[in-house]
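Asker: Below are the structure tokens for one structure; questions will follow.
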């Protein structure tokens, strides 16, 4: 699976509260509406200016904080194709895979805001098309790729009738 889009750059320690602002708690039963506010507290223009297929690119510890599954869900619903970061909070990482949002851990220092990037999830390769450089990410295990290819954990279980991961 190769993905292509523009980079939206964020820093370290982007919390689930920055991803899914608590003041929009009343929208949690209307996820498409909540997705219009994704990352609003980190970049007020992100949701309105990003295009379907773009990437969130961040530093260390992306998704720290509460374990609200709404955070990765609204990133995906907003049209983000994947999140690239130096590291992820453990619960956010699993929640993202479970909802079908691809994540890759890599050195994001050579990706800037608006760079065109291409991501090969299976190979764990990121090409910064704007700069003509390639970055190696930690490739996703086959079981996680299968879950992502099926659209998330629930879709994977429905398709295979259980926890078949290979």
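Asker: Sort 157, 117 so the one with the fewest other Cβ atoms within 10 Å of its own Cβ comes first.
Answerer: Values: 157 14, 117 23.
Least crowded to most crowded, the residues run 157, 117.
Asker: Let me ask something else about it. Report the relative contact order of region 1-79, percent, no decimals, based on alpha-carbon pairs under 8 angstrom and at least 6 residues apart.
Answerer: So the answer I get is 47 percent.
Asker: For a label point 7 Å from the Cα of residue 90 along Cα→C-beta, name the residues of region 120-151 whose backbone N is under 19 Å from it.
Answerer: What the label zone holds, given the 19 Å backbone N cut-off, is 141, 144.
Asker: Roughly speaking, what is the stretch gain from residue 48 to residue 160, that is 0.36 nm per residue apart minus the C-alpha to C-alpha distance, in nm to one decimal?
Answerer: Between residue 48 and residue 160, full extension yields 36.6 nm more.
Asker: Quote to one decimal, in nm, the extra length available between residue 122 and residue 138 on full extension: 0.36 nm per residue of separation minus the C-alpha distance between them.
Answerer: Length difference between fully extended and current span is 4.8 nm.
Asker: Quick one: 144, 125, fewest Cβ neighbours within 10 Å first, how do they rank?
Answerer: In order of increasing Cβ crowding within 10 Å: 125, 144.
Asker: Rounded to the nearest 0.05, what FRET efficiency is calculated for residue 12 and residue 150 with R0 set to 25 Å and r the Cβ-Cβ distance?
Answerer: Computed FRET efficiency for residue 12 and residue 150: 0.20.
Asker: Can you give the relative contact order of region 81-157 as a percent, counting alpha carbon pairs under 8 Å and 6+ residues apart?
Answerer: Normalised by residue count, the contact order of region 81-157 is 30 percent.
Asker: I'd like the antiparallel share, as a percent to the nearest 5, of DSSP beta bridges with both residues in region 2-160.
Answerer: On the way: 13 of 25 bridges.
Restricted to region 2-160, the bridges split so that about 50 percent are antiparallel.
Asker: Got a sec? How would 110, 52, 9 order by Cβ neighbour count within 10 Å, fewest to most?
Answerer: Ascending number of Cβ neighbours within 10 Å: 52, 110, 9.
Asker: So, R0 is 30 Å and r is the distance between the beta-carbons of residue 130 and residue 1; what FRET efficiency does that work out to, to 0.05?
Answerer: Details: r = 21 Å, r/R0 = 0.71.
After rounding to 0.05, the efficiency reads 0.90.
Asker: What percent do you get for the relative contact order of region 2-160 when only Cα pairs under 8 Å and 6+ apart count?
Answerer: About 23 percent, as a whole number.
Readers should treat all values here as calculations from the given coordinates under stated rules, not as data from a laboratory. What you see is a predicted model, and the numbers here were worked out from it, not measured in a lab. We place every Cβ from the backbone using ideal geometry, glycine too, and count neighbours over all the protein chains shown.
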